[in-house]
Amino acid sequence: MSAQFIYWVSTALLAALYLSSAALYMIKGAWVRETILGLGYPAYLVRFMIVVKVLAPIAILSRFNVPLSDLAYAGILFHLILSGLAHIGVGKPKGAVPAVVGLALLAGSFLTQNAARETPSPYGGPIIDSRQ
């Protein structure tokens, strides 16, 4: 399986996960606020997270600025770790499943980005020449 294929599939699925989550946050706002409060976070984070869940995939997919794309990867990493740990911390490990899936997709996307993109990231995986 080529690194470019892994990059585009994992990146598309990660973007779909984040954009569908943002849509859920907008459509089911009251339920999301209750859930966020139940995890010990303040309800005002919901609006902020909607913005982040839309802008991060756009930054990664458009890659108009490599440092911004790398920052989006880092933000998603921290979000997924904190989300998964929050669910585990309140005794709801099933709620951490999307975070685990997201971390796997994030790793696939981040580690293969230099093979699929014209402008490499200094932090991404090694550039793999698939023509060899």
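The values are calculated or read from the model by the stated rules, or taken from the named source; none is laboratory data. Just so it is clear, the structure is predicted and the values come from calculations on it, not from any experiment. Glycine gets a Cβ as well: all are built from the backbone with ideal geometry, and neighbour counts include every protein chain shown.
Residues that are in contact (Cβ under 8 Å) with a residue 24 or more places away in the chain and more than 15 Å from LEU39 (Cβ to Cβ) within the stretch 59-103 comprise ILE60, LEU61, ARG63, VAL66, SER69, ASP70, TYR73, ILE76, LEU77, VAL101, GLY102, LEU103, listed in sequence order.
Within the stretch 66-89, is there a residue that is closer than 18 Å to SER109 by Cα, at pLDDT 95 or above and among the polar types (S, T, N, Q)?
yes
Restricting attention to the stretch 79-95 and to residues that are in contact with a helix residue (DSSP H, G or I) (Cβ under 6 Å, 6 or more places away or on another chain) and surrounded by fewer than 18 Cβ atoms within 10 Å (Cβ to Cβ), the residue that is farthest from SER21 (Cα to Cα) turns out to be ILE88. Does at least one position in the stretch 17-38 carry a residue that is without any contact (Cβ under 8 Å) to a residue 60 or more places away in the chain, in contact with a Gly (Cβ under 6 Å, 6 or more places away or on another chain) and not aliphatic (A, V, I, L, M)? Among the residues of the stretch 17-38, not one is without any contact (Cβ under 8 Å) to a residue 60 or more places away in the chain, in contact with a Gly (Cβ under 6 Å, 6 or more places away or on another chain) and not aliphatic (A, V, I, L, M), which makes the answer no.
Out of curiosity, is ALA115 buried (at least 17 other Cβ atoms within 10 Å of the Cβ), within 17 Å of ALA3 (Cα to Cα) and either modelled with pLDDT under 95 or touching a Ser or Thr at 6+ places or on another chain (Cβ under 6 Å) (or both)? Answer is yes for this residue.
The residues of the stretch 51-73 that are exposed (fewer than 13 other Cβ atoms within 10 Å of the Cβ), in a helix (DSSP H, G or I) and not polar (S, T, N, Q), listed by number, are VAL51, PRO67.
When we screen ALA30, ALA74, ALA43 for residues that are of a type in the set (Gly, Ala, Ser) and either touching a strand residue (DSSP E or B) at 6+ places or on another chain (Cβ under 6 Å) or closer than 26 Å to VAL9 by Cβ (or both), the only hit is ALA74.
Residues in the stretch 1-31 that are of a type in the set (A, V, I, L, M, F, W, C), closer than 20 Å to VAL100 by Cβ and surrounded by 13 or more Cβ atoms within 10 Å (Cβ to Cβ): ILE6, VAL9, ALA12, LEU13, LEU14, ALA15, LEU17, LEU19, ALA22, LEU24.
Looking across GLY125, GLY38, one residue alone is out of contact with any Phe, Trp or Tyr (no Cβ under 8 Å at 6 or more places or on another chain) and at pLDDT below 95. It is GLY38. Which residue pairs have Cβ atoms under 8 Å apart, sit 6 or more places apart or on different chains, and have a first residue in the stretch 1-13 that is more than 10 Å from GLY108 (Cβ to Cβ) and a second that is surrounded by 14 or more Cβ atoms within 10 Å (Cβ to Cβ) and β-branched (Val, Ile, Thr)? The qualifying pairs are GLN4/THR112. The number of residues in the stretch 32-45 that are among the aromatic types (Phe, Trp, Tyr) and exposed (fewer than 14 other Cβ atoms within 10 Å of the Cβ) comes to 1.
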